[in-house]
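Colleague: Pasting a structure below so you can have a look.
Rule-based calculations on the coordinates, nothing more; no lab input. All values derive from a computational prediction rather than experimental measurement. Cβ placement follows ideal geometry from the backbone for every residue including glycine, while neighbour counts extend to all protein chains displayed.
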Amino acid sequence: MQEILIDKHATGDGLDGSARLSESQLTAALSAMRDEGVVCIKGAVTLETISALNDKMQADLDVRTPSRKVNAWNSLRPPPFHPHLYEEVVYNEAAIDICRGMLGPRATLTTYGANTSWPGQADAQNVHRDVPDGAITNRCPAVVLNYPLTEFTIENGATLIYPESHRTSVAEAGGTRKFTQAMLSKQAHAREPEQTIGIGPGDLVVRDLRLWHGGMPNNSDERRIMLALVVIDPDYAEADETGFKGFEAEIGSEDFWHNPRLETSIHFVPAGDRSYYLHGHHSTPPTPLYLDWQTRKGA
């Protein structure tokens, strides 16, 4: 996985205070996304912001544990309300540059979530991609923004990724996300998989939604949280993912969720009862994108 180091002194600050990629860095990042399906931006976010988010989310997990029956890496969402909203995460300038380069000017944030690698998780996650089966085209349907809140190591289960797999058919899986050993072996022969070790707080991993990946066993005694934001091309309509159509945020934070370079798909809910974010699965609030998907599904 290619790594690009942001230098604020060399690139200047973006609208949110985060550094912009230089023209050559953006070209390299987009090339890596198209060729390998993944790129790492080192030093994308300040450590103070990541530490504050980790403290809040670990405290939430101390109080409430999400169901892990379906997904052992399930996690609570990051809090979508003040004072826990950070522009350098949600509207990171380097991330937006890459998203717009891959998805076009209507790139839309539709998921604000997280994954947690839990202590004692002995089994690896099935290698999968985060989009239902569909024909492989040159058009990227969506981009995932992963922000590690703690260091990724072999011991705590750094994610296994298959670079270049975003252009590989998964028809052999028969409509499931359980890829066969023959599929994995064939892909590994074309390009060896790798674990995302050496990635840590302040870094950003950007990947094509179709990239094959899987969580690895966590042999440490600590929870490892990774934010997962999904930015989609709203005009993409092949093999749509139901859960990537929007999320809830609180009334009172509307101004935060408006940005001139990144659209959002949000359903605002009253402040008070915050159970809407204290669960790990994707919700399907009645955003225009979700209602449009329902209409097309029933057509």
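Colleague: What is the order of 69, 245, 42, fewest Cβ neighbours within 10 Å to most? If you can, show how the numbers build up before the last one.
Modeller: Values: 69 7, 245 28, 42 15.
Least to most surrounded, the residues fall as 69, 42, 245.
Colleague: Evaluate Rg over Rh across the chain, taking Cα atoms for both radii and Kirkwood's formula for Rh. Intermediate values should be presented prior to the final figure.
Modeller: Values: Rg = 18.1 Å, Rh = 19.4 Å.
Over the Cα atoms of the chain, Rg/Rh equals 0.93.
Colleague: Please provide three numbers in whole Å: the alpha-carbon extents of the range 64-108 along the principal axes, with the largest listed first.
Modeller: So the extents along the principal axes, rounded to whole Å, are 37, 28, 15.
Colleague: Let me check I have the definition right: for the range 213-282, take the eigenvalues of the Cα gyration tensor, multiply each by 5, take square roots. What are those semi-axes in whole Å, largest first? Each step should come with its number before you reach the end.
Modeller: On the way: eigenvalues 132, 84, 31 Å².
Calculated on Cα positions only, the semi-axes equal 26, 20, 12 Å.
Colleague: Under unit Cβ charges (Lys, Arg +1; Asp, Glu -1), what dipole magnitude, rounded to 20 debye, does the chain have relative to its Cα centre? Could the numbers behind the result be given before it?
Modeller: Details: 27 positive and 40 negative charges, 180 e Å.
Dipole about the Cα centre, nearest 20: 860 debye.
Colleague: Further question: Identify, among 1, 283, 29, the residue whose Cα sits farthest towards the positive end of the charge dipole of the chain, taking +1 on the Cβ of Lys and Arg and -1 on the Cβ of Asp and Glu, with the dipole about the Cα centre.
Modeller: 283
Colleague: Still on this structure, please answer the following. Are there any helices in the chain, counted as whole DSSP H runs, that stretch 20 Å or more along their axis by Cα and score at least -1.0 on average by Kyte-Doolittle, and if so which? Walk me through the numbers before you get to the answer.
Modeller: Values: long enough: 47-63 (24 Å, -0.05).
Once both thresholds are applied, what remains is 47-63.
Colleague: Something else about it: Under 17 Å between C-alpha atoms is the cut-off here; go through the chain and count lysine pairs that meet it, provided they're at least eight residues apart or on different chains. The partial results should precede the final answer.
Modeller: Numbers: 8/42; 69/178; 178/186; 245/297.
Counting lysine pairs in the chain gives 4.
Colleague: Counting helices only, and only those DSSP H runs with n ≥ 4, report the 222 nm mean residue ellipticity of the chain as the sum of -39,500 (n - 2.57) divided by its residues, in deg cm²/dmol to the nearest 500. If you can, show how the numbers build up before the last one.
Modeller: On the way: 7 runs with 70 residues, N = 299.
About -7000 deg cm²/dmol.
Colleague: Another question, then. Take the alpha carbon gyration tensor of the range 253-299, find the square roots of its eigenvalues, order them as a ≥ b ≥ c, and report rounded if a/c is under 1.5; if not, report prolate when a/b exceeds b/c, else oblate. Spell out each step's value before the answer.
Modeller: Details: a/c = 2.38, a/b = 1.23, b/c = 1.94.
Oblate shape, in that a/c is at least 1.5 and b/c is the bigger or equal ratio.
Colleague: Can you tell which of 234, 146, 90 lies farthest toward the positive end of the dipole of the chain, using +1 and -1 charges on the Cβ of basic and acidic side chains (Lys, Arg; Asp, Glu)?
Modeller: In the chain, that residue is 234.
Colleague: Rg to Rh ratio, the range 24-74, alpha-carbon atoms and Kirkwood radius? Don't jump to the answer; show the numbers that get you there.
Modeller: On the way: Rg = 16.8 Å, Rh = 14.2 Å.
Result for the range 24-74 is an Rg/Rh of 1.19.
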